[in-house]
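Before any comments, here is the structure.
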Amino acid sequence: MTAGDASPHATLPGRSCPLHYRYAPEVFRADAPPQLQSLDVLYVVGGLYGNELALERVLELFERERGRKRLVFNGDFHWFDADPEVFARVQATVLAHEALRGNVETEMASEDGMDDAGCGCAYPEWVGQGVVERSNRILRRLRHAAVPPQRAELAALPMWLRADVGPLRLGLVHGDATSLAGWGFAQEHLRDEPHREQVAQWLDRAGVDAFACTHTCLPVFQAVRGTHGGEPRWVLNNGATGMPNFHGDRAGLLTRVALAPFQGGERRFGLLAAGGSVHVDAIGVDFDADAWLDRFCHHWPLGSDAHLSYFERIAQGPAYDRRDALRDVG
């Protein structure tokens, strides 16, 4: 059972975590595929949520990078893109790069429609039931934007990947080390020392130095104790690329892992890993926030499910401070 499954509502649609979402941490002991080995630059883009303006900005940032580079979308690249034309453009652009399926794509891929998982978010108990029910309805509407070949493309995507940037071994996931929709890498859970001990065990079993993730919507780069007193390992959660992540900052975030430091003012926070040889940064995705808000409200007007759940965050950011996003071992 992953963090977030302990809610008394854990069997309800939108809160349950299906068995087919699960995997063992040991899967990450596999070698990275050839295209994700010996990288100079890796971008991990999670929670795009169908924001085309954010997607355009990600591609602009990535184009500036040099060396052997790869861009990985690690799930929930669809969500607000309920217009079929927007959905098709987002999917075509994303699938030109490496991609994982998040819970949104997994539930979209189902030929039979939504099952007991609802939206597949596996929401923990601190998320209100109204949010859960609205997310289930958003997913139902989103399903009308896709055609069978697009669903087949989503179904074929993996749930996890491995990548190597210099000496740093990374597990790339949507949720956590055991589930596509796990909340074990949520900033709320990572405040708890016993839970960080569980994460350290996952890292030991996985044989990686860091997990790059998203899903839980708020960013955190959390240090986790090293094995036998070694240097810390990391959970690298970018929060969301397609929505604001901090109060008063309307940019999205992506995780950049690279051998050379980032050149530009978009860097929000970061760290050095692998003995100081690898730069790990949260990079701001500074799209036109007012234009995106207009597009969002056009497709999800006042009173709609997405507007009720997300308008305030899109307009001004969540009640979360950048200073809380980079955390030591504790």
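The values are calculated or read from the model by the stated rules, or taken from the named source; none is laboratory data. The shown structure was predicted, so the numbers you read here are calculated from the model rather than taken from an experiment. Cβ placement follows ideal geometry from the backbone for every residue including glycine, while neighbour counts extend to all protein chains displayed.
Residue by residue through region 170-217, note down the ones that are within 24 Å of TYR43 (Cβ to Cβ) and surrounded by fewer than 20 Cβ atoms within 10 Å (Cβ to Cβ). Explain how you work it out, then say what you get.
Step one: of region 170-217, the residues within 24 Å of TYR43 (Cβ to Cβ) are 170-177, 179-187, 190, 199, 202-203, 206-217.
Residue satisfying the conditions is GLY207 alone.
Which pairs do you get when a residue that is in contact (Cβ under 8 Å) with a residue 60 or more places away in the chain, found in region 218-236, comes within reach of a residue that is among the hydroxyl-bearing types (Ser, Thr, Tyr), reach meaning Cβ atoms under 7 angstrom, with the pair 6+ apart or on two chains?
From region 218-236, the pairs are LEU218/TYR320; LEU236/THR255.
If we scan region 75-86, do we find a residue that is surrounded by fewer than 22 Cβ atoms within 10 Å (Cβ to Cβ), acidic (Asp, Glu), in a helix (DSSP H, G or I) and in contact with a Gly (Cβ under 8 Å, 6 or more places away or on another chain)?
no
Give just the number: which of (1) in a helix (DSSP H, G or I); (2) under 20 Å from the mean Cα position of the chain (by Cα); (3) over 20 Å from TRP126 (Cα atoms) does LEU190 not satisfy?
Exception for LEU190: condition (3).
Would you confirm, using the coordinates I've provided, whether LEU142 is under 26 Å from HIS279 (Cβ atoms) and either under 20 Å from the mean Cα position of the chain (by Cα) or part of a loop (DSSP other than H, G, I, E, B) (or both)?
Criteria not met by LEU142.
From ASP281, ASP305, ASP286, which residue is over 19 Å from LEU53 (Cα atoms), in contact (Cβ under 8 Å) with a residue 12 or more places away in the chain and under 18 Å from the mean Cα position of the chain (by Cα)?
Testing whether each residue is over 19 Å from LEU53 (Cα atoms), in contact (Cβ under 8 Å) with a residue 12 or more places away in the chain and under 18 Å from the mean Cα position of the chain (by Cα) leaves just ASP281.
Is at least one residue of region 246-261 among the basic types (Lys, Arg) and either farther than 17 Å from TYR43 by Cα or in a loop (DSSP other than H, G, I, E, B) (or both)?
yes
Those residues that are in contact with a Leu (Cβ under 9 Å, 6 or more places away or on another chain) and outside any helix (DSSP H, G or I), I need them from region 303-329; list them, please.
PRO318, TYR320, ALA325, LEU326, ARG327
If I filter region 218-245 down to residues being touching a Pro at 6+ places or on another chain (Cβ under 7 Å) and in a strand (DSSP E or B), which single residue comes out as farthest from PRO167 (Cα to Cα)?
So, considering only residues that are touching a Pro at 6+ places or on another chain (Cβ under 7 Å) and in a strand (DSSP E or B), the one farthest from PRO167 (Cα to Cα) is ASN237.
Take the residues of region 49-74 that are in a loop (DSSP other than H, G, I, E, B) and among the basic types (Lys, Arg): which is farthest from PRO33 (Cα to Cα)? Even if it seems obvious, please write down each step before you answer.
Looking only at region 49-74, we keep the residues that are in a loop (DSSP other than H, G, I, E, B), and these are 49-51, 65-68.
Okay, now just the ones that are also among the basic types (Lys, Arg), so 66, 68.
Numbers: ARG66: 20, ARG68: 14 Å.
Out of the qualifying residues, it is ARG66.
For the structure I just gave you, tell me whether TYR49 is of a type in the set (Ser, Thr, Tyr), within 18 Å of the chain's Cα centre (by Cα) and on the phi < 0 side of the Ramachandran plot.
On the way: of a type in the set (Ser, Thr, Tyr): yes; within 18 Å of the chain's Cα centre (by Cα): yes; on the phi < 0 side of the Ramachandran plot: no.
In short, no.
Residue-wise test of (1) under 19 Å from the mean Cα position of the chain (by Cα); (2) under 24 Å from THR106 (Cβ atoms).
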site: TRP202; (1), (2): yes, yes
site: GLY207; (1), (2): no, no
site: ALA212; (1), (2): yes, yes
site: GLN222; (1), (2): yes, no
site: THR227; (1), (2): no, no
site: GLU231; (1), (2): no, no
site: VAL235; (1), (2): yes, yes
site: ASN238; (1), (2): yes, yes
site: MET243; (1), (2): yes, yes
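Filter region 321-330 for residues that are under 13 Å from ALA282 (Cβ atoms) and more than 17 Å from the chain's Cα centre (by Cα) and give the result.
Correct list: ARG322, ARG323, ASP324, ARG327.
Specify which of the listed residues (GLU98, GLU107, GLU111) is over 18 Å from LEU71 (Cα atoms), surrounded by 14 or more Cβ atoms within 10 Å (Cβ to Cβ) and of a type outside the set (A, V, I, L, M, F, W, C).
GLU107
Can you run down the residue pairs with Cβ atoms below 6 Å, 6 or more apart or on separate chains, where the first is in region 18-32 and over 12 Å from VAL173 (Cα atoms) and at pLDDT 95 or above and the partner is not in a helix (DSSP H, G or I) and not charged (D, E, K, R)?
As it stands, the answer is ARG29/GLY207; ALA32/ALA163, since those pairs meet every condition given.
Given the conditions (1) more than 16 Å from the chain's Cα centre (by Cα); (2) on the phi < 0 side of the Ramachandran plot, report the number of the one that LEU170 does not fulfil.
Among (1) more than 16 Å from the chain's Cα centre (by Cα); (2) on the phi < 0 side of the Ramachandran plot, LEU170 violates only (1).
Give region 15-37 a look and list any residue that's within 24 Å of LEU139 (Cα to Cα), in a loop (DSSP other than H, G, I, E, B) and not hydroxyl-bearing (Ser, Thr, Tyr), or say none.
Passing the criteria: ARG15, CYS17, PRO18.
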